[in-house]
Amino acid sequence: MEASANVRRVNLSNMSAVNAVQLSHLLMRDCVRAGSVAVDATAGNGHDTRLLAELVGPSGQVHAFDVQQEAIAATAVRMRSAEIDSIVRLHHAGHETAAEVLAGEGVTSIGAAMFNLGYLPGGNKAIITQPATTCQAISSLLPLIEVGGLVTLVLYCGHRGGTEEAAAVISLTACLPANEFATYHFRPLNQGGSPPQLVAIQRHASRPR
Ligand SMILES: C[S@@+](CC[C@H](N)C(=O)[O-])C[C@H]1O[C@@H](n2cnc3c(N)ncnc32)[C@H](O)[C@@H]1O
(Lines give C-alpha, C1' and ligand atoms only; values in the text may rest on other atoms or scores of the structure.)
Protein backbone atom coordinates (compact mmCIF):
# COMPACT_ATOMS: atom_id res chain seq x y z
CA MET A 1 0.00 0.00 0.00
CA GLU A 2 2.96 2.35 -0.15
CA ALA A 3 1.72 5.03 -2.53
CA SER A 4 4.16 7.81 -1.74
CA ALA A 5 7.51 8.13 -0.03
CA ASN A 6 6.03 9.50 3.18
CA VAL A 7 3.51 6.67 3.69
CA ARG A 8 4.92 4.00 6.01
CA ARG A 9 5.27 0.44 4.68
CA VAL A 10 2.89 -2.25 5.93
CA ASN A 11 4.61 -5.29 7.42
CA LEU A 12 3.10 -8.36 5.78
CA SER A 13 5.72 -10.81 7.01
CA ASN A 14 3.03 -12.98 8.64
CA MET A 15 0.57 -12.70 5.76
CA SER A 16 -0.40 -16.37 5.79
CA ALA A 17 -2.12 -15.80 9.14
CA VAL A 18 -4.03 -12.72 8.02
CA ASN A 19 -7.65 -12.70 6.84
CA ALA A 20 -9.41 -9.81 5.06
CA VAL A 21 -10.66 -8.16 8.26
CA GLN A 22 -7.25 -8.37 9.91
CA LEU A 23 -5.60 -7.06 6.78
CA SER A 24 -7.98 -4.07 6.75
CA HIS A 25 -6.92 -3.36 10.35
CA LEU A 26 -3.23 -3.67 9.47
CA LEU A 27 -3.61 -1.18 6.65
CA MET A 28 -5.59 1.23 8.82
CA ARG A 29 -2.97 1.04 11.56
CA ASP A 30 -0.39 2.05 9.02
CA CYS A 31 -2.34 4.94 7.47
CA VAL A 32 -4.57 6.61 10.06
CA ARG A 33 -2.98 9.50 11.91
CA ALA A 34 -3.82 10.86 15.37
CA GLY A 35 -6.12 13.86 15.11
CA SER A 36 -7.76 12.86 11.85
CA VAL A 37 -11.43 12.28 11.08
CA ALA A 38 -12.43 8.73 10.11
CA VAL A 39 -15.66 7.05 9.04
CA ASP A 40 -16.91 3.59 9.94
CA ALA A 41 -19.53 3.09 7.22
CA THR A 42 -20.90 -0.13 8.80
CA ALA A 43 -20.68 0.11 12.59
CA GLY A 44 -22.12 -3.36 13.33
CA ASN A 45 -20.75 -4.56 16.66
CA GLY A 46 -18.24 -1.72 16.80
CA HIS A 47 -14.94 -3.53 16.32
CA ASP A 48 -13.85 -1.33 13.40
CA THR A 49 -15.17 1.80 15.11
CA ARG A 50 -13.07 0.98 18.12
CA LEU A 51 -9.93 0.52 16.03
CA LEU A 52 -10.50 3.85 14.27
CA ALA A 53 -11.18 5.66 17.56
CA GLU A 54 -7.96 4.30 19.04
CA LEU A 55 -6.01 5.38 15.96
CA VAL A 56 -7.39 8.94 15.69
CA GLY A 57 -7.19 9.39 19.47
CA PRO A 58 -8.77 12.10 21.63
CA SER A 59 -7.85 14.87 19.19
CA GLY A 60 -9.61 13.11 16.30
CA GLN A 61 -13.15 12.01 15.54
CA VAL A 62 -14.88 8.92 14.19
CA HIS A 63 -18.30 9.02 12.55
CA ALA A 64 -19.94 5.58 12.59
CA PHE A 65 -23.05 4.70 10.57
CA ASP A 66 -25.47 1.80 10.67
CA VAL A 67 -29.07 1.26 9.60
CA GLN A 68 -29.85 -0.93 12.62
CA GLN A 69 -30.49 0.51 16.07
CA GLU A 70 -29.21 -2.78 17.50
CA ALA A 71 -25.81 -2.15 15.88
CA ILE A 72 -25.68 1.46 17.05
CA ALA A 73 -26.48 0.30 20.60
CA ALA A 74 -23.82 -2.45 20.50
CA THR A 75 -21.23 0.01 19.21
CA ALA A 76 -22.17 2.54 21.90
CA VAL A 77 -21.64 -0.08 24.62
CA ARG A 78 -18.24 -1.05 23.17
CA MET A 79 -17.13 2.59 23.02
CA ARG A 80 -18.26 3.29 26.59
CA SER A 81 -16.50 0.24 27.98
CA ALA A 82 -13.28 1.24 26.21
CA GLU A 83 -13.77 4.84 27.46
CA ILE A 84 -13.48 6.20 23.93
CA ASP A 85 -17.11 7.27 23.47
CA SER A 86 -16.18 10.97 23.40
CA ILE A 87 -14.24 10.36 20.16
CA VAL A 88 -17.14 8.69 18.34
CA ARG A 89 -20.31 10.15 16.80
CA LEU A 90 -22.87 7.44 16.11
CA HIS A 91 -25.36 7.93 13.27
CA HIS A 92 -28.40 5.70 12.96
CA ALA A 93 -28.43 6.22 9.20
CA GLY A 94 -27.38 4.53 5.99
CA HIS A 95 -23.84 5.14 4.76
CA GLU A 96 -25.30 6.43 1.50
CA THR A 97 -26.14 9.57 3.53
CA ALA A 98 -22.66 9.82 5.12
CA ALA A 99 -21.24 12.59 2.92
CA GLU A 100 -24.35 14.68 3.54
CA VAL A 101 -24.24 14.04 7.29
CA LEU A 102 -20.52 14.94 7.43
CA ALA A 103 -21.14 18.14 5.48
CA GLY A 104 -23.81 19.03 8.03
CA GLU A 105 -21.22 18.53 10.78
CA GLY A 106 -18.69 20.76 9.02
CA VAL A 107 -16.37 17.89 8.05
CA THR A 108 -14.62 18.69 4.76
CA SER A 109 -12.00 15.92 4.64
CA ILE A 110 -11.44 12.48 6.12
CA GLY A 111 -8.36 10.32 6.60
CA ALA A 112 -10.06 6.96 6.33
CA ALA A 113 -13.29 5.06 5.77
CA MET A 114 -13.96 1.42 6.60
CA PHE A 115 -16.72 -0.74 5.12
CA ASN A 116 -17.34 -4.24 6.43
CA LEU A 117 -20.23 -5.41 4.23
CA GLY A 118 -22.94 -8.01 4.61
CA TYR A 119 -25.03 -8.65 7.73
CA LEU A 120 -24.62 -7.99 11.44
CA PRO A 121 -22.93 -11.02 13.05
CA GLY A 122 -25.39 -12.41 15.62
CA GLY A 123 -28.15 -10.20 14.19
CA ASN A 124 -30.80 -10.31 11.46
CA LYS A 125 -29.17 -11.92 8.42
CA ALA A 126 -31.87 -10.48 6.16
CA ILE A 127 -30.58 -6.95 6.71
CA ILE A 128 -27.56 -6.69 4.44
CA THR A 129 -25.64 -3.99 2.68
CA GLN A 130 -26.79 -3.45 -0.92
CA PRO A 131 -24.77 -2.84 -4.09
CA ALA A 132 -26.47 0.44 -5.03
CA THR A 133 -26.18 2.10 -1.62
CA THR A 134 -22.68 0.74 -1.00
CA CYS A 135 -21.48 2.15 -4.34
CA GLN A 136 -23.27 5.43 -3.63
CA ALA A 137 -21.48 5.67 -0.27
CA ILE A 138 -18.07 4.93 -1.80
CA SER A 139 -18.56 7.47 -4.58
CA SER A 140 -19.73 10.19 -2.24
CA LEU A 141 -16.97 9.64 0.36
CA LEU A 142 -14.00 9.35 -2.02
CA PRO A 143 -13.91 13.09 -2.82
CA LEU A 144 -13.46 13.73 0.93
CA ILE A 145 -10.46 11.39 1.32
CA GLU A 146 -7.20 13.22 2.00
CA VAL A 147 -3.99 12.46 0.11
CA GLY A 148 -2.52 9.37 1.82
CA GLY A 149 -5.98 8.48 3.12
CA LEU A 150 -7.43 5.00 2.87
CA VAL A 151 -10.76 3.28 2.22
CA THR A 152 -11.11 -0.43 2.97
CA LEU A 153 -14.00 -2.69 2.02
CA VAL A 154 -14.34 -6.24 3.35
CA LEU A 155 -16.48 -8.19 0.86
CA TYR A 156 -18.42 -11.37 1.59
CA CYS A 157 -19.69 -13.71 -1.12
CA GLY A 158 -21.14 -16.43 1.14
CA HIS A 159 -24.63 -14.92 1.56
CA ARG A 160 -27.36 -14.25 -1.02
CA GLY A 161 -26.51 -11.04 -2.85
CA GLY A 162 -22.93 -10.95 -1.60
CA THR A 163 -21.36 -12.01 -4.90
CA GLU A 164 -23.27 -9.32 -6.79
CA GLU A 165 -22.29 -6.67 -4.23
CA ALA A 166 -18.62 -7.70 -4.39
CA ALA A 167 -18.74 -7.51 -8.21
CA ALA A 168 -20.28 -4.02 -8.06
CA VAL A 169 -17.62 -2.78 -5.64
CA ILE A 170 -14.77 -4.27 -7.68
CA SER A 171 -16.07 -2.87 -10.93
CA LEU A 172 -16.52 0.62 -9.40
CA THR A 173 -13.10 0.70 -7.76
CA ALA A 174 -11.28 -0.78 -10.77
CA CYS A 175 -12.37 2.26 -12.79
CA LEU A 176 -11.16 4.94 -10.37
CA PRO A 177 -8.69 7.36 -11.99
CA ALA A 178 -5.14 6.05 -11.55
CA ASN A 179 -3.76 9.57 -11.31
CA GLU A 180 -5.70 10.04 -8.04
CA PHE A 181 -6.16 6.59 -6.50
CA ALA A 182 -4.34 3.29 -6.12
CA THR A 183 -6.81 0.42 -5.76
CA TYR A 184 -6.11 -3.14 -4.62
CA HIS A 185 -8.05 -6.40 -4.41
CA PHE A 186 -6.84 -9.12 -2.00
CA ARG A 187 -8.44 -12.57 -2.01
CA PRO A 188 -7.30 -16.00 -0.86
CA LEU A 189 -6.79 -18.20 -3.92
CA ASN A 190 -6.52 -21.67 -2.38
CA GLN A 191 -9.10 -21.70 0.45
CA GLY A 192 -12.41 -23.54 0.26
CA GLY A 193 -15.79 -21.87 0.78
CA SER A 194 -16.15 -18.15 0.26
CA PRO A 195 -13.49 -16.46 2.39
CA PRO A 196 -13.85 -12.69 2.76
CA GLN A 197 -11.99 -10.49 0.30
CA LEU A 198 -10.58 -7.02 0.71
CA VAL A 199 -10.65 -4.01 -1.57
CA ALA A 200 -8.42 -1.11 -0.54
CA ILE A 201 -8.30 2.33 -2.10
CA GLN A 202 -5.62 4.85 -1.29
CA ARG A 203 -5.62 8.42 -2.52
CA HIS A 204 -2.13 9.34 -3.68
CA ALA A 205 -2.87 12.68 -5.34
CA SER A 206 -5.39 15.48 -5.09
CA ARG A 207 -8.23 15.75 -7.56
CA PRO A 208 -6.99 17.52 -10.72
CA ARG A 209 -8.64 20.96 -11.09
C1 LIG B 1 -20.56 -7.09 8.82
S2 LIG B 1 -21.50 -5.95 9.74
C3 LIG B 1 -20.30 -4.74 10.22
C4 LIG B 1 -19.33 -5.21 11.27
C5 LIG B 1 -18.66 -4.08 12.00
N6 LIG B 1 -17.86 -3.25 11.15
C7 LIG B 1 -17.88 -4.52 13.23
O8 LIG B 1 -16.70 -4.16 13.35
O9 LIG B 1 -18.47 -5.17 14.10
C10 LIG B 1 -22.41 -5.06 8.50
C11 LIG B 1 -23.30 -3.97 9.05
O12 LIG B 1 -23.73 -3.16 7.97
C13 LIG B 1 -24.97 -2.62 8.34
N14 LIG B 1 -25.64 -2.02 7.18
C15 LIG B 1 -26.45 -2.57 6.25
N16 LIG B 1 -26.83 -1.65 5.34
C17 LIG B 1 -26.24 -0.48 5.70
C18 LIG B 1 -26.24 0.84 5.17
N19 LIG B 1 -26.92 1.16 4.06
N20 LIG B 1 -25.55 1.80 5.82
C21 LIG B 1 -24.84 1.50 6.97
N22 LIG B 1 -24.80 0.27 7.50
C23 LIG B 1 -25.49 -0.71 6.89
C24 LIG B 1 -25.69 -3.80 8.95
O25 LIG B 1 -26.76 -3.35 9.74
C26 LIG B 1 -24.55 -4.45 9.75
O27 LIG B 1 -24.56 -4.02 11.08
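The values are calculated or read from the model by the stated rules, or taken from the named source; none is laboratory data. Predicted, not measured: the structure shown is a model, and the values here were computed from it. Don't worry about glycine lacking a Cβ; one is built from the backbone with ideal geometry, like all the others, and counts go over all protein chains shown. Protein only, heavy atoms only, side chains kept; ligands, DNA and RNA dropped before computing areas. Shrake-Rupley method; radii C 1.70, N 1.55, O 1.52, S 1.80 Å.
Solvent-accessible surface (1.4 Å probe) assigned to Tyr184 amounts to roughly 80 Å².
Of the residues Leu120, Leu26, Leu144, the one that moves most in a GNM of the chain with alpha-carbon contacts below 10 Å is Leu26. Here Arg187 sits with roughly 140 square angstrom of accessible surface, probe radius 1.4 Å. Solvent exposure of Val101, expressed as accessible area, is near 40 Å², computed with a probe of 1.4 Å over the protein chains only. Scattering from the C-alpha atoms of region 145-199 alone, worked out with Debye: what is log10 I(q)/I(0) at q = 0.13, 0.30 1/Å? Taking Cα atoms of region 145-199 as identical point scatterers yields -0.37, -1.27.
In this label model, Arg209 and Arg187 are separated by 4.1 nm, measuring between points 7 Å along each Cα→Cβ vector. In summary, the convex hull built on the alpha carbon positions of the chain has an orientation-averaged projected area of 11.6 nm².
Note on the chain: GNM, Cα springs under 10 Å; of Gly104, Gly46, Gly192, the largest mean-square fluctuation is that of Gly192. Put simply, the C-alpha atoms of region 91-205 give a gyration tensor, and the ellipsoid matching it has half-axes of 24, 19, 11 Å, longest first. Along its principal axes, region 15-61 has C-alpha extents of 35, 23, 13 angstrom, given from the largest down. Solvent-accessible surface of region 64-146, averaged per residue with a 1.4 angstrom probe and all protein chains in place: 46 square angstrom.
Under a Gaussian network description of the chain, with springs only between Cα atoms under 10 Å, the residue in Phe186, Phe65, Phe115 that fluctuates furthest is Phe186. Expressed as a whole percent, the accessible surface of region 114-179 that belongs to carbon and sulfur atoms is 60, based on a 1.4 Å probe.
Using the Cβ-Cβ distance between Ala34 and Ser171 with R0 = 45 Å, the FRET efficiency computed as 1/(1 + (r/R0)^6) comes to roughly 0.80.
Evaluating 6.51 cos²θ - 1.76 cosθ + 1.60 at θ = phi - 60° for every residue in region 188-202, the Karplus couplings come out as x, 9, 10, 10, x, x, 10, x, x, 10, 10, 10, 10, 10, 10 Hz, glycine and proline recorded as x. Taking all Cα pairs closer than 8 Å and separated by 6 or more residues, the relative contact order of the chain comes to 20 percent.
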